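A.B. asks: Mind having a look at this structure? Questions to follow.
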Amino acid sequence: MRATMLVPILLGAGALACSSSTEPSQDTAQSVTRQIAGIELTLITDRRTYAAGTPVSITIRAVNPSSTPVTFNFSSNKQYDVGTGQNSVLLWNYAFGRTYQQVLTSFTLQPGESWERTVSWDRTLNNSTPAPAGSYDVQGALTTSSNDLPTSVLTVQLQ
């Protein structure tokens, strides 16, 4: 099984910033979208700041804005991953410790169609320790057989 490494992607050169002219509420969702491989790939968190003990809800969404179908091929039944880190070091990712079957899979997005997955991070790091308070970068990726298609990065604050 090919391991997905979000570390080189976290805060990578391709990251797009999310900006606003007014200071957003810390209790509101945030999102960032990028165009990649013919789709709009969006990363969403349900909040910007999380009170102690509150899990982080992370959604990765792919939308086909074109007039032609877009097909993605995968070398296992793992089709995506989501990770969090600090200073370009991956500290937690959804796929860590999960088992995936080595089977060829694919999905096709028809024009206008979307695909979405949401995961919940309970704030436990891959080393089984609780995540300390602080700022964390969040990123997702479609883990296609040819190469990973990363989202842009969002930042969340854990209290």
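A.B. asks: Looking only at residues that are hydrophobic (A, V, I, L, M, F, W, C) and under 12 Å from Ile39 (Cβ atoms) in the stretch 91-121, which one is nearest to the chain's Cα centre (by Cα)? Outline the logic, then answer.
C.D. replies: Just the residues of the stretch 91-121 that are hydrophobic (A, V, I, L, M, F, W, C), to begin with: 91-92, 95-96, 103-104, 107, 109, 115, 119, 121.
Subsequent filtering for residues that are under 12 Å from Ile39 (Cβ atoms) retains 107, 109, 115.
Details: Phe107: 18, Leu109: 18, Trp115: 13 Å.
Looking at residues that are hydrophobic (A, V, I, L, M, F, W, C) and under 12 Å from Ile39 (Cβ atoms), I get Trp115.
A.B. asks: Turning to a different aspect of this structure: Take the stretch 129-145 and flag every residue that is touching a residue at least 12 places away in the same chain (Cβ under 8 Å), touching a strand residue (DSSP E or B) at 6+ places or on another chain (Cβ under 7 Å) and not β-branched (Val, Ile, Thr). Walk me through it before giving the result.
C.D. replies: As a first pass, look at the stretch 129-145 and keep what is touching a residue at least 12 places away in the same chain (Cβ under 8 Å): 131-145.
Next, from what is left, pick out any that are touching a strand residue (DSSP E or B) at 6+ places or on another chain (Cβ under 7 Å): 131, 133-145.
Hits for the stretch 129-145 are Ala131, Ala133, Gly134, Ser135, Tyr136, Asp137, Gln139, Gly140, Ala141, Leu142, Ser145.
A.B. asks: Given the criteria in a loop (DSSP other than H, G, I, E, B), over 15 Å from Ser152 (Cα atoms), modelled with pLDDT of 95 or more and not charged (D, E, K, R), does Thr22 qualify? Before the answer, list the steps.
C.D. replies: Details: in a loop (DSSP other than H, G, I, E, B): yes; over 15 Å from Ser152 (Cα atoms): yes; modelled with pLDDT of 95 or more: no; not charged (D, E, K, R): yes.
Spelling it out, it is not the case that Thr22 is in a loop (DSSP other than H, G, I, E, B), over 15 Å from Ser152 (Cα atoms), modelled with pLDDT of 95 or more and not charged (D, E, K, R).
A.B. asks: Another question, if that's okay. Provide a single number: the residues in the stretch 76-118 that are among the polar types (S, T, N, Q), in a loop (DSSP other than H, G, I, E, B) and closer than 30 Å to Gln157 by Cβ. Please lay out each step first, then the result.
C.D. replies: Initial filter on the stretch 76-118 (among the polar types (S, T, N, Q)): 76-77, 79, 84, 86-88, 93, 99, 101-102, 105-106, 108, 110, 114, 118.
Next cut, in a loop (DSSP other than H, G, I, E, B) only: 76-77, 79, 87-88, 99, 101-102, 110.
Within this subset, residues satisfying the condition of being closer than 30 Å to Gln157 by Cβ are 79, 87-88.
Selection size over the stretch 76-118: 3.
A.B. asks: Going through the stretch 104-156 one residue at a time, which ones are β-branched (Val, Ile, Thr), farther than 14 Å from Ile58 by Cα and crowded, with 17+ Cβ neighbours inside 10 Å?
C.D. replies: As a first pass, look at the stretch 104-156 and keep what is β-branched (Val, Ile, Thr): 105, 108, 118-119, 124, 129, 138, 143-144, 151, 153, 155-156.
With the extra rule that they be farther than 14 Å from Ile58 by Cα, the set shrinks to 105, 108, 124, 129, 143-144.
Answer for the stretch 104-156, where residues must be β-branched (Val, Ile, Thr), farther than 14 Å from Ile58 by Cα and crowded, with 17+ Cβ neighbours inside 10 Å: Thr143, Thr144.
A.B. asks: Counting only residues that are in contact (Cβ under 8 Å) with a residue 12 or more places away in the chain, in a strand (DSSP E or B) and of a type outside the set (Val, Ile, Thr), how many does the stretch 25-62 have?
C.D. replies: Of the residues in the stretch 25-62, 10 are in contact (Cβ under 8 Å) with a residue 12 or more places away in the chain, in a strand (DSSP E or B) and of a type outside the set (Val, Ile, Thr).
A.B. asks: If the requirement is being part of a loop (DSSP other than H, G, I, E, B) and touching a residue at least 24 places away in the same chain (Cβ under 8 Å), which of these qualifies: Asn73, Asn126? Can you show your working first?
C.D. replies: Numbers: Asn73 fails: part of a loop (DSSP other than H, G, I, E, B).
Residue meeting the stated conditions: Asn126.
A.B. asks: Go through Val89, Val103, Val82 for me and flag whichever is aliphatic (A, V, I, L, M), farther than 23 Å from Gln30 by Cα and out of contact with any Asp or Glu (no Cβ under 9 Å at 6 or more places or on another chain).
C.D. replies: On the way: Val89 fails: farther than 23 Å from Gln30 by Cα; Val82 fails: farther than 23 Å from Gln30 by Cα.
Just a single option satisfies the conditions, and that option is Val103.
A.B. asks: Scan the stretch 29-55 for residues that are more than 12 Å from the chain's Cα centre (by Cα) and closer than 27 Å to Thr129 by Cα and report the count.
C.D. replies: 12
A.B. asks: Consider Thr71 against the criteria (1) more than 12 Å from the chain's Cα centre (by Cα); (2) at pLDDT 95 or above; (3) surrounded by 14 or more Cβ atoms within 10 Å (Cβ to Cβ): it satisfies all of them except one. Which criterion is unmet?
C.D. replies: So the condition that Thr71 fails would be (3).
A.B. asks: Sticking with this one: Within the set of pairs 6+ apart or on separate chains, which have a first residue in the stretch 90-111 that is within 18 Å of Ser145 (Cα to Cα), a second that is of a type in the set (Lys, Arg) and surrounded by 15 or more Cβ atoms within 10 Å (Cβ to Cβ), and C-beta atoms under 7 Å apart?
C.D. replies: Matching pairs, first to second residue: Ala95/Lys78; Tyr100/Lys78.
A.B. asks: In this structure, is Pro132 under 23 Å from Leu154 (Cα atoms) and part of a loop (DSSP other than H, G, I, E, B)? Spell out how you get there, then give the answer.
C.D. replies: Numbers: under 23 Å from Leu154 (Cα atoms): yes; part of a loop (DSSP other than H, G, I, E, B): yes.
Yes: the conditions hold for Pro132.
A.B. asks: Please enumerate the residues belonging to the stretch 33-60 that are surrounded by 18 or more Cβ atoms within 10 Å (Cβ to Cβ) and of a type in the set (Gly, Ala, Ser).
C.D. replies: None; the set is empty.
The values are calculated or read from the model by the stated rules, or taken from the named source; none is laboratory data. Treat the numbers as computed from the prediction; the structure is a model and nothing was measured. No Cβ is skipped: glycine too gets one built from the backbone with ideal geometry, and neighbour counts run over all protein chains shown.
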